[in-house]
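Trainee: Can you read through this structure? Questions will come right after.
The values are calculated or read from the model by the stated rules, or taken from the named source; none is laboratory data. Because the structure is a prediction, the values reported are computed rather than measured. Methodologically, a virtual Cβ is constructed for each residue, glycine included, from the backbone with ideal geometry; neighbour enumeration extends over all protein chains shown. The protein model used for the area step is the full one, side chains on, heavy atoms only, and it has no ligands, DNA or RNA in it. Shrake-Rupley method; radii C 1.70, N 1.55, O 1.52, S 1.80 Å.
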Amino acid sequence: MSDFDPEGATDVAPGEDDAESVLTYVVGLALAVLLTIVSFFIAGTSLVWGPSIPVALTVLAIAQMGVHLVFFLHITTGPDNVNNVMALAFGVLIVMLIMAGSLWIMSHMNHNMMPMEQMMQMQR
Amino acid sequence: MSGAAAAADPHRLGRSSGHRHAASEHAAGGLHAKRIITGYGFWIFLLSDIIMFSAFFAAYAVLVGNTADGPSGKDLFDLSNVAIETACLLFSSFTCGIAGIGAQTRRGSWFYGAMAVTFLFGAAFLALEIHEFAGLVARGAGPTRSAFLSAFFTLVGCHGLHVTAGLLWLLTMMAQVYAKGYRADILRRILCFSLFWHALDIIWVALFTVVYLMGAGQ
């Protein structure tokens, strides 16, 4: 964006390529391969403290999704990308609500449920 | 604004009439603006698709412990198979990006070659997944065995269906470029296809982490 105008930057479509962006894809592929290898290594290793593994896997997965978004889908923080990022932010919000809300509510319901044996005895 | 441009953009989404500042610039070109609007609309679709997947992920995460005394993920998942699947999908995402550049720069060998490689990687992924599913069903761990396996087959199978649809779309795009050339509307479809294919890879990242890696390490 050489002629950037703060009042009204032009928009780009998500996934829009510059003509010579092969390098972007190569960098993205290298980073994604690296993160994937680390993920699979951590999942199978005993070098890391056990309870930290799910957290580490989550962080690595979010990092890799970020790499995919930036290098493959070309979603950036640039002024020409505001609409795409806003839509993405809204999508992430809804995904978080669905995931966290489901897990939270269902774990509480499991907690408050009568154990199955008692339920069976009451039905007799 | 000419009549043709008004017809192409009846609601003036490009906001082109009257004042001229940078935001209205692309609407004057017409074609460029349409590419942006198409891409943005497809991006909204992809996000809603991801939200649908999040519902399946939530169902899986809630049901993952309910194995009904049947096998759990630790007993079933073969991580080396998953690693090969991941590699297939990742490299197909890369070659799909190369195909997009090939289409933009009208280099037929790049476009057809990269699309063919993308197809082969995608088909290899699908074959591995079908093989895995068939193996599970043969071992008596089909979707009817437990709530965990129902959620597993729904989530992973839904991604597999998306990949299948993507492969059909890929062949359609190759045929359309072959028959109609690099027209503006065909290039927009290639943009949408490329977005779709990359989004599938993003969903797969969440999937192999949550389902396979966390499931096998329990």
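Trainee: With respect to B:Gly140, is the statement that it is away from every other protein chain (no Cβ under 14 Å) and within 12 Å of the chain's Cα centre (by Cα) true?
Mentor: no
Trainee: Would it be correct to say that A:Leu93 is open to solvent by less than 50 Å² (accessible area, probe 1.4 Å), without any contact (Cβ under 8 Å) to a residue 60 or more places away in the chain and of a type outside the set (Val, Ile, Thr)? Reasoning before the result, please.
Mentor: On the way: open to solvent by less than 50 Å² (accessible area, probe 1.4 Å): no; without any contact (Cβ under 8 Å) to a residue 60 or more places away in the chain: yes; of a type outside the set (Val, Ile, Thr): yes.
So A:Leu93 fails the test.
Trainee: Under the condition of being assigned to a helix (DSSP H, G or I) and exposed (fewer than 12 other Cβ atoms within 10 Å of the Cβ), which residue from segment A:47-58 is modelled with the lowest pLDDT?
Mentor: Here the answer is A:Gly50.
Trainee: So B:Trp110 clears everything in (1) more than 13 Å from chain A (Cβ to nearest Cβ); (2) touching a Gly at 6+ places or on another chain (Cβ under 9 Å) except one condition, right? Which one?
Mentor: Of the numbered conditions (1) more than 13 Å from chain A (Cβ to nearest Cβ); (2) touching a Gly at 6+ places or on another chain (Cβ under 9 Å), the odd one out for B:Trp110 is (1).
Trainee: Okay, moving on. Quick check on my filter: what residues within segment B:61-83 are assigned to a helix (DSSP H, G or I), more than 10 Å from chain A (Cβ to nearest Cβ) and open to solvent by less than 50 Å² (accessible area, probe 1.4 Å)?
Mentor: Listed by number, the residues that qualify are B:Gly73, B:Leu76, B:Asn81.
Trainee: Just one of the numbered conditions (1) open to solvent by less than 30 Å² (accessible area, probe 1.4 Å); (2) at the interface with chain B (Cβ under 7 Å from one of its Cβ atoms); (3) of a type outside the set (Phe, Trp, Tyr) is not true of A:Gly44; which one?
Mentor: So the condition that A:Gly44 fails would be (1).
Trainee: I've got another one for you. Please go through (1) away from chain A (no Cβ under 14 Å); (2) closer than 27 Å to B:Thr67 by Cβ for B:Ala127 and return the number of the only condition it doesn't satisfy.
Mentor: (2)
Trainee: Mind checking which helices (runs of 4 or more DSSP H) fall wholly inside segment B:103-218 and carry at least 3 residues that are open to solvent by less than 30 Å² (accessible area, probe 1.4 Å) and closer than 20 Å to B:Phe42 by Cα?
Mentor: By residue number, B:147-180, B:184-207.
Trainee: Let me ask something additional. In segment B:35-60, what residues are within 7 Å of chain A (Cβ to nearest Cβ) and either open to solvent by 50 Å² or more (accessible area, probe 1.4 Å) or not polar (S, T, N, Q) (or both)?
Mentor: B:Arg35, B:Ile36, B:Gly39, B:Tyr40, B:Trp43, B:Ile44, B:Leu47, B:Ile50, B:Ile51, B:Ala55, B:Phe57, B:Ala58
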